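The values are calculated or read from the model by the stated rules, or taken from the named source; none is laboratory data. If you're wondering where the values come from, they're calculated on a predicted model, not measured in any experiment. Glycine also receives a Cβ, built like all others from the backbone with ideal geometry; neighbour counts cover every protein chain displayed. With ligands, DNA and RNA removed, areas are computed over all heavy atoms of the protein, side chains included. Shrake-Rupley method; radii C 1.70, N 1.55, O 1.52, S 1.80 Å.
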Amino acid sequence: MDTLNVLDFLDRIVSLIKQENVLTPQETKVVEYVDPEQLKNKIDFSLTEPCANLDELEALCKKVVRYSIKTNSVKFHNQLYGGTDFFGLGATWLSEALNTNQHTFEVAPVFSLIEMKIIEEVKKLIGYADGDGIFSPGGSISNMYGMILARYRRFPETKTKGLHGLPVLVAFTSEAGHYSLQKSAQWLGIGTDNLIKIGTDDLGRMIPEELEKEILSSKERGCVPFFVNATAGTTVLGAIDPLDKIANICDKYDLWLHVDACYGGTLLLSKNYQQRLGASHRSDSFAWNPHKMLGAPLQCSIFITRHNNILHECNSASARYLFQQDKFYDVSYDTGDKSIQCGRKVDSFKLWIMWKARGLSGFQKLVDNALDCANYFKSRIEATEGFRLVQREFEATAVCFWYVPKTMRGREEDGEWWQKMNNVAPAIKEKMVKSGKLMIGYSPLHHKGLCNFFRMITTCHPVATYSDMDYVIGQIQQFGEAL
């Protein structure tokens with residue numbers, strides 16, 4: 001297939017996005033659900049000769065659109081991310097077309113400077129006077145960066161000698177912390193049994209006093225505590241741990257404090273809400289995913305540390321075939337050796353274009369609107385019969401609630417009643433997804449003894465309205481009464 005035909009294919013893809021309203025799917029279904037085995041019959045997934053022609057490729061792509069989730073829909077509230085920022089999308093198309101690697105200035109001259117600039121600006125938002133950072137392939141890897149730097153600071157010899165001969169290392173996170181911390185403990189040889197989960201209060205925030213008790217207990221057992229993960233925006237409740245109090249404890253016992261702000265970090269962009277992460281500057285490292293609440297195209301994840309050079313010292317392998325020190329330019333602009341990756345996408349470009357186009361003032365408007373709609377949604381369900389909040393306060397944009405069907409209202413709320421309630425959210429979810437009218441997540445909280453409840457998320461894109469919030473409430477009522 002010649003170049004002209006390939007360019008025709010790209011034109012067809014852009015036309016398809018417009019015709020199918022991929023970016024503005026308000027009037028269409030958020031999903032056309034098909035079971036996996038049926039979906040295999042609707043799309044030809046085979047990879048066989050002869051090759052498909054342009055018409056066949058376009059038809060396949062149209063089916064992909066048809067059966068994919070429309071995350072740009074105002075009816076999509078299923079995850080911590082939502083629709084995409086159009087400026088970021090345009091930047092993604094361009095960077096994909098340029099198809100280069102972030103690891104050296106030699107192959108990514110513009111993108112190298114862009115990543116450095118973004119890192120500097122995010123450091124200012126957090127409040128770090130010094131430090132370094134890198135874009136990673138997701139929040140899980142960013143959290144792993146925090147843990148491995150903490151281990152390197154405490155025992156730098158682990159880089160060359162491994163864990164042999166070391167005491168048992170212990171890390172801490174809240175019982176609501178992200179599961180990636182468990183994977184980090186496993187991958188780094190810490191062991192999941194040595195990731196201690198700390199209890200949380202009624203709002204889902206880590207209890208500092210419990211953290212200190214567990215630190216002292218681990219020391220009494222002869223272990224070495226070295227790392228604390230505080231969460232700014234837990235996955236389910238959106239809770240923000242008391243960062244200042246946790247920082248005091250980490251200072252007292254010389255522990256590395258990492259802040260997992262993959263969800264809640266976007267609040268730093270609003271002067272009205274940034275104080276919720278006000279003690280972030282006291283942390284040693286910080287993770288933020290602009291691809292979540294802010295709507296940067298997936299993936300866009302940033303890891304920042306306030307310590308100069310430690311990323312390079314910890315991760316450098318000094319590959320001479322790639323990071324030569326006698327290059328014809330300043331090799332300090334080659335950032336790949338401080339990464340655990342070699343191939344690394346130029347994810348900074350999409351955020352840079354978004355920032356250029358909107359500025360901090362534009363970002364603040366988007367963040368404030370997301371919070372405003374979440375507050376409106378909370379006030380509406382508080383005043384609507386059949387809805388019950390899991391908690392009366394929230395700190396990010398997650399509003400968690402139960403819906404009690406009419407047949408269950410006014411009855412004794414004993415164990416059998418709650419067992420039935422556990423089935424309500426999944427049953428409503430199934431009906432709404434199969435209808436294609438709404439996607440909203442649900443979750444239990446077993447460590448709190450809470451059965452399945454809905455988790456409503458508002459994000460910056462698509463820009464939500466009060467009527468969108470009313471629509472969600474109306475759909476849940478409609479499907480709930482049909483149970």
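General observations
- Val34 vs. criteria open to solvent by less than 30 Å² (accessible area, probe 1.4 Å), under 27 Å from Gly264 (Cα atoms) and part of a loop (DSSP other than H, G, I, E, B): no
- The conditions of being more than 27 Å from the chain's Cα centre (by Cα), surrounded by fewer than 16 Cβ atoms within 10 Å (Cβ to Cβ), free of Cβ contacts under 8 Å to residues at least 24 places away in the same chain and under 26 Å from Ser136 (Cα atoms) are not met by Ala383.
- Take the conditions (1) under 25 Å from His258 (Cβ atoms); (2) surrounded by fewer than 21 Cβ atoms within 10 Å (Cβ to Cβ); Ile302 misses just one of them, which is (2).
- Filter result for Ser283 (under 19 Å from Tyr128 (Cβ atoms), in contact with a strand residue (DSSP E or B) (Cβ under 9 Å, 6 or more places away or on another chain) and either open to solvent by 10 Å² or more (accessible area, probe 1.4 Å) or not hydrophobic (A, V, I, L, M, F, W, C) (or both)): yes
- Pairs meeting the criteria (first residue in segment 112-124 and closer than 18 Å to Ala296 by Cα, second residue open to solvent by 10 Å² or more (accessible area, probe 1.4 Å), beta carbons under 6 Å, at least 6 apart or on different chains) are Ile114/Phe349; Ile114/Trp352; Ile118/Trp352.
- Selection count where residues are closer than 27 Å to Gly199 by Cβ and in contact with a Phe, Trp or Tyr (Cβ under 7 Å, 6 or more places away or on another chain), scope segment 412-440: 2
- Residues of segment 69-94 satisfying the condition of being surrounded by fewer than 22 Cβ atoms within 10 Å (Cβ to Cβ) and farther than 30 Å from Gln475 by Cα: Phe87, Leu89, Gly90, Trp93, Leu94
- All positions within segment 433-483 that are among the small types (Gly, Ala, Ser), under 21 Å from Asn72 (Cβ atoms) and either touching a Lys or Arg at 6+ places or on another chain (Cβ under 7 Å) or crowded, with 16+ Cβ neighbours inside 10 Å (or both): Gly436, Gly441, Ala464
- Within segment 386-399, the only residue that satisfies the criterion of being open to solvent by less than 40 Å² (accessible area, probe 1.4 Å) and either assigned to a helix (DSSP H, G or I) or free of Cβ contacts under 8 Å to residues at least 24 places away in the same chain (or both) is Leu389.
- Selection status of Lys271, of a type in the set (Lys, Arg), surrounded by fewer than 22 Cβ atoms within 10 Å (Cβ to Cβ) and assigned to a loop (DSSP other than H, G, I, E, B): yes
- Failed condition for Leu125, given (1) touching a strand residue (DSSP E or B) at 6+ places or on another chain (Cβ under 9 Å); (2) open to solvent by less than 30 Å² (accessible area, probe 1.4 Å): (2)
- Residue in segment 404-413 that is under 19 Å from Val30 (Cβ atoms) and modelled with pLDDT of 95 or more present: no
- Candidates in segment 311-370 are the residues that are assigned to a loop (DSSP other than H, G, I, E, B) and of a type in the set (A, V, I, L, M, F, W, C); of these, the one that is surrounded by the fewest Cβ atoms within 10 Å (Cβ to Cβ) is Phe328.
- Conditions (1) part of a helix (DSSP H, G or I); (2) surrounded by fewer than 20 Cβ atoms within 10 Å (Cβ to Cβ); number of the one not met by Glu413: (1)
- Segment 463-483 residues that are part of a loop (DSSP other than H, G, I, E, B), paired with ones that are surrounded by 20 or more Cβ atoms within 10 Å (Cβ to Cβ) and among the hydrophobic types (A, V, I, L, M, F, W, C) (beta carbon under 8 Å, 6 or more apart): Val463/Leu366; Ala464/Val74; Ala464/Ala370; Ala464/Cys373; Thr465/Val74; Thr465/Cys373; Leu483/Val424; Leu483/Ile428
- Annotation: Phe111 fulfils all but one of (1) crowded, with 16+ Cβ neighbours inside 10 Å; (2) in a helix (DSSP H, G or I); (3) within 21 Å of the chain's Cα centre (by Cα); the unmet one is (3).
- Residue in segment 286-308 that is in contact (Cβ under 8 Å) with a residue 24 or more places away in the chain, in contact with a strand residue (DSSP E or B) (Cβ under 7 Å, 6 or more places away or on another chain), more than 21 Å from Leu188 (Cα to Cα) and of a type in the set (A, V, I, L, M, F, W, C) present: yes
- From the options Val228, Val259, residue that is in contact with a Cys (Cβ under 7 Å, 6 or more places away or on another chain), outside any helix (DSSP H, G or I) and buried (at least 24 other Cβ atoms within 10 Å of the Cβ): Val228
- Tally of residues being open to solvent by less than 70 Å² (accessible area, probe 1.4 Å) and part of a helix (DSSP H, G or I) across segment 1-31: 10
- When Ile215 is tested against (1) assigned to a helix (DSSP H, G or I); (2) touching a His at 6+ places or on another chain (Cβ under 8 Å); (3) aliphatic (A, V, I, L, M), only condition (2) is not met.
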